[in-house]
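Heads up: the structure comes next, in structure tokens.
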Amino acid sequence: MSFIEAENLTHVYGQGSEQEFTALQGVSFHIEAGEFVAILGANGSGKSTLARHLNGLLLPTSGVCRVAGMDTRKPQEVWQIRRQVGMVFQNPDNQLIAGVVEDDVAFGPENLGMEPAKIRAQVKMALQAVGMEEFRKFAPHLLSGGQKQRVAIAGALAMDTKCLILDEATAMLDPQGRREVMDTVERLHQQRGLTLLCITHFMDEAARADRVLVMEHGRLVQQGPPAEIFADAPKLHRLGLAVPLAVEIAWHLRQGGMQLPKDILTNDDLVAALEARYVH
Amino acid sequence: MLNNIMIGQYFPGDSFLHRMDARVKILLLLILLMEVFVFTSAPVYSALIVLTLALILFSGVPLRMVLRSLKPLWWIILFTFVLHLFSHPGKELCRVWQFAITQEGVAQGTLISVRLMLLIVLSTLLTFTTSPLKLTDALESLLSPFKKVGLPAHELAMMMTIALRFIPTLISETDKIMKAQQSRGADFVTGSVLSRLKNMVPILVPLFLSAFRRADDLAMAMEARCYRGGAGRTRMKEMKLARLDYISLVVFAVLSLGLGVGFYR
């Protein structure tokens, strides 16, 4: 059994009304526990709608979504699912609830009805895990965007989440904040085996994943390891997506007849490949 | 400038008034306010004034700051005083046209003005020594017995928490919108009051729009974090009465008894 199993997910907004809009059409995929998966797609391709199915914030119009064997459509199981699948949203300002960092991290555990002593231990653990414990008494509006997102991650960790969904969580951050957030989640992924699902516009973030899912008009059009997905640069361009610069350059070089390995994803990969071929 | 907005008028400190449990403070304040209404004699009021001044002194809040809280109500106090001067029959002191200022009027006017000032100063002392967050928690705890009769204590407290969290965010957003509109030629400073009010519309519309969007996002985020109302919810910060609270309660009870005896003797 996979950790997340989506089968034939279809979601229609405003069903029966005039503005009926099909955001997802027959999407099926599995995500294993401990995997790092990126979901790519242009605006309006259904990425966020898909993400919201994975913790029961949205329910499928048809099809099934199971998390750890539990069906998101069962009201009695949805809380258990949300506890296991934490979510970090795009706008860092709109997801912190309390006026003090530690109170905000405690919000989830409080909702779960944990004992006060246990909550304090969880909050401490979570803030340490994202490197924010020195800010525990701060008001959220005094933090930078990247720090706010790390607090939001801590809020999920404090509930003992198994899987973290980043719904374009870095889209509103500056490069520094983006690095902070990505480094934090990757560290958690490696150290704790946290399952990561990263919905993003940034190709360099997707390049760090184990697997990439590509969405277009509510359909899952491609999935595979980043190297395989990025190998077909023109296709990604047709889908309205850019490939990482290094991948783009490598593709053009290959078109020009240069022999380069297929797994070039980052600038460092490209430099290493060119050196191996032309310097030594 | 927007980084150090203060919400409410909390004056951080470490006095015993700051350290007392907020619920005890609210309860004692309510009883004290009632005593101010009931024990209306000059000796008791002098004692109350001394007590209030002592509390201000102990709280470490500068007297000037406390007195400043009277400023908005200064006219009301003065008006009440003048009204009472003329409206009590008794021994005439002097006449202004056909109205007489009486000795009883002066006494009553002073009493009422002092009462108003005591009410305001004592209440502000609570907000000066209690952070808004603690105040919210205390209110939730104190109101929770009324849940049985349908008072949404948890929801009220949650609304206050969220409001406190978003006030700085919305202020900085207002600032941003104002600058954006000003950079396109909007004028918020000159012109008549009416035209200035009209010019506020382009600020309020985007502000409300974004506030609704924020509310929507926040509701989603709260649901994702398993929020489902107050039922079955625990709190990280337990509110426990400490020795200081018990001592305060006893001291307060003795003081009240003294005031009561002083009044009814």
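The values are calculated or read from the model by the stated rules, or taken from the named source; none is laboratory data. Bear in mind that the values here come from a model prediction, so they are computed numbers and not experimental data. Here the Cβ is made from the backbone with ideal geometry for all residues, glycine too, and neighbour counts use every protein chain on show.
Within region A:70-95, being free of Cβ contacts under 8 Å to residues at least 40 places away in the same chain and out of contact with any helix residue (DSSP H, G or I) (no Cβ under 7 Å at 6 or more places or on another chain) holds for A:73, A:74, A:75, A:76, A:77, A:78, A:79, A:80, A:81. Residue B:243 meets each of the listed conditions (1) free of Cβ contacts under 8 Å to residues at least 12 places away in the same chain; (2) more than 12 Å from chain A (Cβ to nearest Cβ); (3) over 24 Å from residue B:23 (Cβ atoms) apart from (3).
Only residues that are crowded, with 17+ Cβ neighbours inside 10 Å and in contact with a Leu (Cβ under 8 Å, 6 or more places away or on another chain) were counted across region A:1-18, and they come to 4. Any idea which of B:218, B:249 is in a helix (DSSP H, G or I), at pLDDT 90 or above and either within 14 Å of chain A (Cβ to nearest Cβ) or closer than 30 Å to residue A:81 by Cα (or both)? B:218 is the lone residue from the list that is in a helix (DSSP H, G or I), at pLDDT 90 or above and either within 14 Å of chain A (Cβ to nearest Cβ) or closer than 30 Å to residue A:81 by Cα (or both).
Checking the conditions here, which among B:233, B:213 is exposed (fewer than 15 other Cβ atoms within 10 Å of the Cβ), of a type outside the set (A, V, I, L, M, F, W, C), within 30 Å of residue A:51 (Cα to Cα) and within 14 Å of chain A (Cβ to nearest Cβ)? Reasoning before the result, please.
Values: B:233 fails: exposed (fewer than 15 other Cβ atoms within 10 Å of the Cβ).
The conditions single out B:213.
Out of (1) under 15 Å from residue A:214 (Cα atoms); (2) over 18 Å from the mean Cα position of the chain (by Cα), the odd one out for residue A:14 is which? Of the numbered conditions (1) under 15 Å from residue A:214 (Cα atoms); (2) over 18 Å from the mean Cα position of the chain (by Cα), the odd one out for residue A:14 is (1). Close Cβ contacts (under 6 Å, 6 or more residues apart or on different chains) running from residues in region B:253-265 that are surrounded by 10 or more Cβ atoms within 10 Å (Cβ to Cβ) to residues that are not in a helix (DSSP H, G or I) comprise B:259/B:39; B:263/B:39; B:263/B:41.
A single entry from A:106, A:38, A:139, A:121 fulfils the requirement of being more than 9 Å from every other protein chain (Cβ to nearest Cβ) and crowded, with 16+ Cβ neighbours inside 10 Å: A:38.
Here is a yes/no grid of residues against (1) within 30 Å of residue A:20 (Cβ to Cβ); (2) modelled with pLDDT under 95; (3) touching a Cys at 6+ places or on another chain (Cβ under 9 Å); (4) within 14 Å of chain B (Cβ to nearest Cβ):
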{"site": "A:165", "(1), (2), (3), (4)": "yes, no, yes, yes"}
{"site": "A:170", "(1), (2), (3), (4)": "no, yes, yes, no"}
{"site": "A:193", "(1), (2), (3), (4)": "no, yes, no, no"}
{"site": "A:204", "(1), (2), (3), (4)": "no, yes, no, no"}
{"site": "A:207", "(1), (2), (3), (4)": "no, yes, no, no"}
{"site": "A:213", "(1), (2), (3), (4)": "yes, yes, no, no"}
{"site": "A:216", "(1), (2), (3), (4)": "yes, yes, no, no"}
{"site": "A:221", "(1), (2), (3), (4)": "yes, yes, no, no"}
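Only residues that are more than 20 Å from residue B:11 (Cβ to Cβ) and touching a residue at least 60 places away in the same chain (Cβ under 8 Å) were counted in region B:32-88, giving 15.
Considered as a group, the residues in region A:142-162 that are under 27 Å from residue B:167 (Cα atoms) and not hydrophobic (A, V, I, L, M, F, W, C) include one that is nearest to the other protein chains (Cβ to nearest Cβ), and that residue is A:155.
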